[in-house]
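The values are calculated or read from the model by the stated rules, or taken from the named source; none is laboratory data. These figures come from a predicted structure and were not determined experimentally. Here the Cβ positions follow ideal geometry from the backbone for every residue, glycine too, while neighbour counts run over all protein chains shown.
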Amino acid sequence: MSEGQGILRAPKGLAGLSVADTKISKSGSDGSLVYRGYPISELAANATFEETAYLVLNGRLPTRGQLGEFSEGLASRARVDARVFAIMKGLGRRAHPIDVIRTAVSSLGSIDREEAPGDEEASIEAKMSVLAANSHRVPLGERPRLPRDERGFASNLLQMLTKREASDFERWVFERVLIFYMEHDLNASSFTVRVVASTLADPYAAASAGLSSLKGPLHGGANEAAMEMLLEVKDAANAGAYLDRKFREGKKLMGFGHRVYKAFDPRARLCKVYLKQMADESGDPRLYELCDAVEREMWEKKKIPPNLDYYAAPIFYLLGIEVPLYTPIFAASRIFGWMAHYNEQTEENKLIRPDSVYIGPSGLKYQPLGKRSG
Ligand code: ACO
């Protein structure tokens with residue numbers, strides 16, 4: 001932080017600058033990550049998605065009764081009004097799934113005002129997974145898939161995404177990835193949500209802004225870009241030459257690097273273990289070996305580790321999920337983190353409104369039309 005013209009100057013990208021106190025989660029450069037005090041490895045080994053969502057939202061793990069009520073609330077609020085599906089369909093086959101969800105969330109804001117006043121946050125949390133699962137197919141003119149699986153949030157989402165019966169192990173892995181995607185302190189989309197919350201706009205406005213931020217390839221969009229890259233590399237033997245070409249072209253490799261984790265991303269490490277187990281179970285090691293080869297080449301050439309998106313993508317691929325649905329899955333889970341940030345921000349609110357240093361020209365004279373040079 002430096003001073004200029006009487007104001008404090010933040011580092012570019014606000015890197016390394018703390019702009020909020022939070023009790024929700026913390027990632028550390030040593031590869032640590034805690035949600036409400038629980039290490040991510042502890043939650044990955046033991047918790048369900050619903051327990052983790054309750055924890056992130058409420059600051060403590062639920063009792064049996066609280067968990068039942070929370071899970072029941074998610075299931076009972078998941079019904080999406082037909083008008084929302086009609087709006088999604090109207091966006092047409094070229095629509096980007098995140099744009100579809102964002103538009104749906106905006107329209108939900110108006111519809112819920114009639115249908116579920118006062119229940120905004122719980123309504124968006126419950127419906128986001130249905131919107132995400134249908135964000136690709138409904139604009140193609142296909143019928144919406146609805147949650148019908150009794151086995152909980154993760155099973156329901158996976159069922160809507162793939163329409164196939166996954167094994168217990170596959171459902172368990174998918175649930176772990178959702179837990180990893182749920183929350184990550186002041187990532188770009190959660191910060192965006194907090195900025196909108198600080199104006200006291202409603203949760204629909206905050207969630208749709210979060211979705212806009214998530215869309216970019218430097219944030220949530222990286223999981224799709226990482227899978228496309230892996231499909232392009234095709235074979236572990238091509239990894240070195242592929243990376244050399246990308247770097248000669250001045251390109252970044254999606255799914256690698258992180259603002260906080262410079263040595264390793266703990267979520268990516270765990271996902272790599274799950275991917276290996278999936279590969280072993282299927283008897284086809286090729287995708288795992290490809291991922292491992294690209295990771296090793298990247299470390300050798302740049303000393304940059306893979307992030308969650310890099311190892312979530314091949315897991316989704318093996319689960320039979322279409323690539324355009326990868327970032328929507330991120331949104332279906334991250335909505336719980338966003339709402340936790342929305343609440344934390346509004347509970348002790350101060351409008352987020354930074355200053356800037358003006359570096360443009362000044363004192364210019366107005367030139368009438370026709371007297372201006374190009
Ligand atoms: N491929 C190649 N080089 C990279 C990569 C990458 N993926 N990531 C960082 N670098 C390089 C940069 O070019 C830069 O090099 P330089 O110092 O020679 O200019 C250096 O490493 C530092 O990188 P920055 O982009 O300045 O680091 P920052 O902390 O701002 O960026 C970010 C973090 C945006 C995630 C970056 O690593 C990136 O663009 N990665 C690819 C996108 C991605 O995977 N995003 C997902 C993030 S995790 C998530 O959302 C769940």
> Considering Glu289, Glu347, Glu281, Glu300, which residue is out of contact with any His (no Cβ under 7 Å at 6 or more places or on another chain), among the acidic types (Asp, Glu) and within 14 Å of the ligand (Cβ to nearest atom)?
Replying inline: Glu300
>> Against the condition surrounded by 24 or more Cβ atoms within 10 Å (Cβ to Cβ) and either of a type in the set (Gly, Ala, Ser) or not in a helix (DSSP H, G or I) (or both), how does Gly240 come out, does it pass?
In response: no
> For Ala268, are the conditions met, namely being surrounded by fewer than 20 Cβ atoms within 10 Å (Cβ to Cβ), of a type in the set (A, V, I, L, M) and at pLDDT 95 or above?
Replying inline: no
> Restricting attention to the stretch 36-52, which residues are touching a residue at least 40 places away in the same chain (Cβ under 8 Å) and of a type in the set (A, V, I, L, M, F, W, C)?
Replying inline: Ile40, Leu43, Ala44, Ala47, Phe49
> Take the residues of the stretch 247-276 that are in a helix (DSSP H, G or I) and more than 15 Å from Pro306 (Cβ to Cβ): which is farthest from the chain's Cα centre (by Cα)?
Replying inline: Arg248
> Scanning the stretch 148-180 for residues that are within 16 Å of the ligand (Cβ to nearest atom) and more than 21 Å from Val80 (Cβ to Cβ), which turns out surrounded by the most Cβ atoms within 10 Å (Cβ to Cβ)?
Replying inline: Val177
>> Would you confirm whether or not the stretch 229-237 contains a residue that is under 13 Å from the mean Cα position of the chain (by Cα) and away from the ligand (no atom under 16 Å from the Cβ)?
In response: no
> Can you tell which of Leu270, Leu243, Leu290 is closer than 28 Å to Glu170 by Cβ, of a type in the set (A, V, I, L, M) and touching an Asp or Glu at 6+ places or on another chain (Cβ under 8 Å)?
Replying inline: Leu290
> If you take the residues of the stretch 242-260 that are basic (Lys, Arg) and free of Cβ contacts under 8 Å to residues at least 24 places away in the same chain, which of them is nearest to the ligand (Cβ to nearest atom)?
Replying inline: Lys252
>> Could you check the stretch 214-224 and list, in sequence order, the residues that are surrounded by fewer than 22 Cβ atoms within 10 Å (Cβ to Cβ) and within 12 Å of Arg102 (Cβ to Cβ)?
In response: Lys215
> Do you know which of the residues in the stretch 27-68 that are under 25 Å from Ser129 (Cα atoms) and of a type in the set (D, E, K, R) is nearest to the chain's Cα centre (by Cα)?
Replying inline: Glu50
> Within the stretch 176-204, which residues are among the charged types (D, E, K, R) and either under 14 Å from Glu121 (Cα atoms) or touching a Gly at 6+ places or on another chain (Cβ under 8 Å) (or both)?
Replying inline: Glu183, Asp202
